[in-house]
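All of the numbers you see were taken from the coordinates with simple rules; none came from a lab. Here the structure is a predicted model, which means the values were calculated and not measured. Backbone-built Cβ (ideal geometry, glycine too); neighbour counts: all protein chains shown.
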Amino acid sequence: MDPCVWNRIVNGNQVAIVIYVDDLAISCKSKAEVHKAMAMIKDKFIDIKVKESNEMSYLGRNLKIDHDGIQISMRNYIQ
């Protein structure tokens, strides 16, 4: 329902792209599908900075992904 969140099912996996101004986040269980989405974006736009990690900050949210799932914290934003 949000025009800034794009979802697509590819080979049974949901690929989600969240866009905020000039930042975006791509998520999917399949790293191959994330890399395909990144390649399509890099093909259209010239100067792209990419950070691929299991821990990152995005729009004030700290995200940590491990075998237990996803942990979300906004500790820095709250402080």
Residue-by-residue Karplus 3J(HN,Hα) for the range 2-13, coefficients 6.51, -1.76, 1.60, Hz, glycine and proline x: 8, x, 9, 10, 10, 10, 8, 9, 10, 6, x, 10
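With a cap of 16 neighbouring Cβ atoms within 10 Å, and only residues DSSP puts in a loop, list the chymotrypsin sites (Phe, Trp or Tyr not before Pro) found in the chain. Intermediate values should be presented prior to the final figure.
Working: sites: Trp6, Tyr20, Phe45, Tyr58, Tyr77; in loops: Phe45.
Of the chymotrypsin sites (Phe, Trp or Tyr not before Pro), the ones in loops of the chain whose Cβ has at most 16 other Cβ atoms within 10 Å are Phe45.
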Qualifying GluC sites (Glu not before Pro) for the chain [loop in DSSP, other Cβ within 10 Å: at most 13]: Glu52
Val5 paired with His67, simple spin-label distance in nm, labels 7 Å along Cα-to-beta-carbon: 2.9
Amide H partners (placed H, <5 Å) of Val15, local residues excluded: Arg8, Ile9, Val10
Global form of the range 1-48, assessed from the alpha-carbon gyration tensor, a/c cut-off 1.5: oblate
Normalised contact order of the chain, rounded percent, pairs of Cα under 8 Å and 6 or more residues apart: 14
Net charge over other residues, Cβ less than 15 angstrom from the Cβ of Ala16 (K, R count +1; D, E count -1): +2
Rounded tilt (10° steps) of 31-44 against the dominant C-alpha axis of the chain: 70
